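Participant: Before I ask anything, here is the structure I am working with.
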Amino acid sequence: MASFDVLVIGGGPGGYVAAIRAAQLGLRVACVEKRDALGGTCLNVGCIPSKALLHASELYAEAASGTLSKFGIGIKGLELDLAAMLKEKAKAVTELTQGIAFLFRKNKVTWLKGAAAFEGPGEVRVGDEIVTADHIVIATGSEPAFPPGLAPDGEVIVTSTEALDFPEVPGHLIVVGGGYIGLEMGSVWKRLGADVTVIEYMPTIVPAMDADIITEFTKILAKQGLVLKTGMKVTAIARDGARAEVTVEPAEGGAAETMMADRVLLAVGRRPNTDGLALEKAGVAVNARGQIEVDHQFRTNVPHIRAIGDVIPGPMLAHKAMDEGHAVAEWIAGRVGHVNPDVIPAVVYTMPEAASVGLTEAEAKAKGHHVRVGQFPFLANSRAKTNRDTAGFVKIIADAQTDRVLGVHILGSMAGTMIAQAAQAMEFGASSEDIALTCHAHPTHSEAMKEAAIAVRGTALHI
Ligand code: FAD
Ligand code: NAD
C-alpha cells in the first residue's frame, strides 16, 4: 500500500499546481489523473486548444476579410487548411501537457494513472491499488452541463470538446448559450466561414459583465456576423440525418420557431465533477449545486480532505484554480495561502477581448457605493489608432468617497493582457489617482487605462 503526505485527485490547473507546490515545500506528493495527459480540462480540451483556434482563426480572418490588405499585404489564392490548423492546435496541447509531466518529474511528484475513488476518509483506490495519505486534495474539476431535456450525441449535437475538433467548417452552427464558450467557439467557426447563431436565454449575452461592455460587445459581435438571439430558449433539438432541427421560443414563452443546423454546440455552463469519487465513503458533503463547500483553508467538512478549483464554489476559471492550488499546498505545509475572491479577472478571448475584474457598476451601486466612473475609448489611444484597432474602451469604477478602485472593465484587442494591471492595482488597494499618476509607456494600449483613471475626475487628456 503506497503512502504519501499529500494525495491530489485531478491533474488540472488546480491539482497539478497544488501537487508541484506541495512537493516544493518538501512533502511527498502523488497526483491521480485518469486522462492520458496531465493539465485537465484547461490544457486538453479548454483554455489552450480554444485559444489556439482563436489565434489561428483570427489570422485567417485578417487575411480573408481584407484587414491585411489595407496595410499593403495582398494575398492571392488564400486557402484554409483546417486539418493543418487542428494539427498545430494539437501540437500546442501536447507540448504543454508534456510540460506538466516534465514538471512532475522535476519536482518528484508521483503521477498515479487512473481514476480515484475513496475507500475511506484517508484511503483512495486507484485501479487495484489502495493509496493512503495524511492530506487529500480533491481537484476533479467540472464537466459540461446541459439544458433540461437536451443532451449531446457527440456528432451533430456537441459540447465544447467536439467543437474544438470539427473536421470541416459547419454550414450553420447553432450555439446554445451566449457565455464564454458560446462566444469564443462561435467566433472561431464564424471566422472560418460558418453561419453562426447564438441562442441565449437571458436578455443579453455574457449577462454577468458590466452593462456598458455588454452593449458595445453585442454591437461589435453582431457586426462581425454572429446572429445573437437573446431572451430565447431552446425547447427541442431533433436529429434529421446529418443535421438537426432546433426549436426555439422566447424565454418568457410565445411562438416557437425552428431552425436547421449542421452542428449544435451546447454551451450553457459546467457542473462540478465528483462522479465516481465515492465521496460518501469519506464523509465529504456536497451542496445543492453539487459543489464541495470549503473554508478559507480549502478544508471540506472532513478537515484533512481539501478541495479546490471548479469543483468548489466560485468562478470556473483556470487561474482561480491555479491560485487555489498554490494556496492549498501552503496551508497543508503549515503556511498561509492567499487567494482574494474579490480580485479574480475574467476574460472572453474574442476579438476584441472582453476583460473584467472586481465589481460592475451595477454591483457597486447595489452594494451601497457612491461611484465615480472614468471611461476612455481606444479610438483616442494613439497605439490603437496606429494599429487600426480602435474597437472598445476602458472603464474604471471607483468609490466616490475614497477613490478606491472597485472594478475595471475593458473591451479591446489587448484587454486580456491589460486587465492584469487592474487586478494588481486592486490587490494593492489602489485609488484611481494611483493609476492616473503611474507613468505608462507610450505608445501602448495601456495608456487607455491611465486616461480612464484620469477620467474618473473628468479630465482625460486625449479626448
Ligand atoms: P480540471 O481542469 O477540470 O481538471 C480536473 C481533472 O481531474 C481532469 O483532468 C479529470 O480527468 C481529473 N479527474 C476527475 N475525476 C477524477 C478521478 N476520480 N480520478 C482521477 N482524475 C480525475 N478558464 C480560463 O481561465 N481561461 C480560459 O481561457 C478558459 N477556456 C476554457 C475553454 C473551454 C472550452 C472550457 C471547457 C473551459 C475553459 N476554461 C477557461 C475553464 C478551465 O478549463 C477550468 O476552470 C479549469 O480547467 C479548472 O481547473 P481544475 O483543476 O479545477 O479542473
Ligand atoms: P457560461 O456560464 O459562461 O455561459 C452560459 C450561458 O448560457 C449563460 O449566458 C447562460 O445565461 C446561458 N444559458 C443557460 N441556460 C440556457 C439555456 N437553456 N438556453 C440558452 N442559454 C442558456 O458557460 P459556458 O460558456 O458553457 O462555459 C462554462 C465555463 O467555462 C464558464 O463559466 C467559464 O467559467 C469557463 N470558461 C472560461 C473561458 C475563459 O475564461 N475565457 C472560456 C470558456 C469557458
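The values are calculated or read from the model by the stated rules, or taken from the named source; none is laboratory data. Treat the numbers as computed from the prediction; the structure is a model and nothing was measured. Reconstructed Cβ throughout: ideal geometry from the backbone, glycine too, with neighbour counts over all protein chains shown. These accessible areas exclude ligands, DNA and RNA; they are computed on the full protein's heavy atoms, side chains included. Shrake-Rupley method; radii C 1.70, N 1.55, O 1.52, S 1.80 Å.
Participant: What are the aspartates and glutamates whose alpha-carbon lies under 12 Å from the alpha-carbon of LYS281, with same-chain residues fewer than 8 places away excluded?
Facilitator: Cα-Cα hits under 12 Å: GLU119, GLU123.
Participant: Using each residue's phi in the stretch 321-337, evaluate 6.51 cos²θ - 1.76 cosθ + 1.60 at θ = phi - 60° and report the 3J(HN,Hα) Karplus result to the nearest Hz, with x for Gly and Pro.
Facilitator: For the stretch 321-337, the Karplus curve yields 4, 5, 5, 5, x, 5, 5, 5, 5, 4, 4, 4, 7, x, 10, 9, x Hz.
Participant: Moving on. Along its principal axes, what span do the Cα atoms of the stretch 346-457 show, with the longest given first and each in whole Å?
Facilitator: Cα extents, longest axis first: 40, 28, 21 Å.
Participant: Shifting gears a bit: Using alpha carbons only, how many angstrom separate the centre of the stretch 272-300 from the centre of the stretch 181-223?
Facilitator: A separation of 33 Å, based on Cα centres.
Participant: Tell me the trypsin sites (Lys or Arg not before Pro) within the stretch 57-104 that lie in a loop according to DSSP and have at most 13 other beta-carbon atoms within 10 Å. It would help to have the intermediate numbers written out before the result.
Facilitator: Working: sites: LYS70, LYS76, LYS87, LYS89, LYS91; in loops: LYS76.
Counting only loop positions with at most 13 other Cβ atoms within 10 Å, the trypsin sites (Lys or Arg not before Pro) in the stretch 57-104 are LYS76.
Participant: Take the solvent-accessible surface of the protein heavy atoms, probe 1.4 Å, and return the percent of it on the chain that carbon and sulfur atoms account for.
Facilitator: Values: 11140 of 20620 Å².
Carbon-and-sulfur percentage of accessible area, whole number: 54.
Participant: List the pairs from LYS51/LYS87; LYS223/LYS365; LYS87/LYS229; LYS229/LYS320; LYS51/LYS219; LYS76/LYS219 whose alpha-carbon separation is above 21 Å, in the order I gave them. It would help to have the intermediate numbers written out before the result.
Facilitator: Values: LYS51/LYS87 14 Å; LYS223/LYS365 31 Å; LYS87/LYS229 33 Å; LYS229/LYS320 31 Å; LYS51/LYS219 23 Å; LYS76/LYS219 31 Å.
Among LYS51/LYS87; LYS223/LYS365; LYS87/LYS229; LYS229/LYS320; LYS51/LYS219; LYS76/LYS219, the Cα-Cα distance tops 21 Å for LYS223/LYS365; LYS87/LYS229; LYS229/LYS320; LYS51/LYS219; LYS76/LYS219.
Participant: Continuing with the same structure: How much area per residue is accessible in the chain when the probe is 1.4 Å and only protein heavy atoms are counted (Å²)?
Facilitator: Working: 20620 Å² over 463 residues.
Per residue, the chain has an accessible area of 45 Å².
Participant: Still on this structure: Before anything else, pin down the relative contact order of the chain: Cα pairs under 8 Å, at least 6 apart, normalised by residue count, whole percent. Before the final figure, lay out each step's value.
Facilitator: Numbers: 1014 pairs, mean separation 68.3, N = 463.
Relative contact order comes out at 15 percent.
Participant: If a cysteine in the chain has no other Cys Cβ under 4.7 Å from its own Cβ, put it on the list, ordered by number.
Facilitator: Those would be CYS31, CYS439, since no other cysteine Cβ in the chain comes under 4.7 Å of theirs.
Participant: Would you pull out the residues with amide H under 5 Å of GLU143's amide H, same chain only if 5 or more places away, H placed 1.01 Å from N?
Facilitator: ARG271, ASN273
Participant: Then there is this: Spelling out what I want: for every residue of the stretch 437-447, take phi, set θ = phi - 60°, compute 6.51 cos²θ - 1.76 cosθ + 1.60 (Karplus), and round to whole Hz; glycine and proline get x.
Facilitator: With coefficients 6.51, -1.76 and 1.60, one gets 8, 7, 6, 10, 5, 10, x, 9, 4, 4, 4 Hz.
Participant: Then there's this: How high is the relative contact order of the stretch 63-172, in percent, counting Cα pairs under 8 Å that sit 6 or more residues apart?
Facilitator: On the way: 47 pairs, mean separation 15.6, N = 110.
Computed over the stretch 63-172, the figure is 14 percent.
Participant: Follow-up question, since we're still on this one. Convert each backbone phi in the stretch 369-375 into a coupling constant with the Karplus relation 6.51 cos²θ - 1.76 cosθ + 1.60 (shift: θ = phi - 60°), then list the ³J(HN,Hα) values in order as whole Hz, x for Gly and Pro.
Facilitator: Karplus values, whole Hz, x for Gly and Pro: 6, 8, 10, 10, 10, x, 9.
Participant: Right, something else. Quickly work out the THR444-to-ALA84 label distance, labels modelled 7 Å from Cα along the C-beta direction, and quote it in nm with one decimal.
Facilitator: 3.5
Participant: Full extension from LEU59 to PHE428: what is 0.36 nm times the residue separation minus their Cα-Cα distance, to one decimal in nm? Don't skip to the end; give the middle numbers.
Facilitator: Working: separation 369, 0.36 × 369 = 132.84 nm, distance 3.68 nm.
In short, 129.2 nm is gained.
Participant: Compute the distance in nm between two label points, each set 7 Å from the Cα along the Cα-to-Cβ direction, one at ASP134 and one at GLN24.
Facilitator: Label-label distance for ASP134 and GLN24, simple model: 2.0 nm.
Participant: While we're looking at this one, here's another question. Sorting HIS440, HIS409, HIS326 by accessible area (1.4 Å probe), largest first, what list results? Mind dumping the intermediate values first?
Facilitator: On the way: HIS440 25, HIS409 5, HIS326 85 Å².
From most accessible down to least: HIS326, HIS440, HIS409.
Participant: Still on this structure: Once ligands and nucleic acids are excluded and a 1.4 Å probe is used, how much of CYS47 is accessible, expressed in Å² to the nearest 10?
Facilitator: Spelled out: CYS47, probe radius 1.4 Å, area about 40 Å².
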